[in-house]
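Each value in this text was obtained by applying a stated rule to the coordinates, not by laboratory testing. Since the structure is predicted, the reported quantities are computational estimates derived from the model, not experimental observations.
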Amino acid sequence: MLGLYSMIVFATSANYAIAQVVKGLDGNVKEIRTTIFTGFGISSILVLVVTTTVLIGTGGQCSKELAYMELGEHIGGWAIVVAGIFSLVALLTTFWAQTLGLRDIVHEQINTGNKLSWLIATAPSLLFALFGVNSFIVLTRIMSGVSILMSIALILTYGKSRKRAGSSPICGIVGRLPFQILMLVSTIISAIGAVIPLS
């Protein structure tokens, strides 16, 4: 359950995309809140729909690492093609959002140009591709672990920023210390789920 929880957190997280939303909407609090909750809602619905579809389509029996491969065996080869395209688009958009946000962070911290900042931000992913991770689940869990560590850093940074500013127009009451602690505990639980064995 912890492993599943960790991967769901990873699948619905968009920490770096939020920075892009804030930047792109010029600090408009109402639009930022709407965009963040809409994006999270869409991600959550997609996770629920895909999971439910696979469980129904396979009768709850899924032995393959990639669920859409199992689904394709049960309802037809077209499902593998459609799900494969869906997965590719999902991976590409996630990769784009993560590296774009990381590029901006690298640029702000060490004042390198956009191209060099992007290369630094994408180097870990390129190294994974070069040295090879032969399991999609292993790769997902590694990336969920990395994302979780970044989320912890983000929560701590947010707390420091809010303390300095004295308020948070975007998060409001929800961004106060009790909620930050709740998010930190939830994130640590997710981190545990990212490293424990699944067997």
Can you spot the aspartates and glutamates whose alpha carbon is less than 14 Å from K23's alpha carbon? Ignore those fewer than 8 places along the same chain. E31, D104, E108
Would you mind pulling out the separation of the Cα centroids of segment 35-52 and segment 171-190, in Å? 21
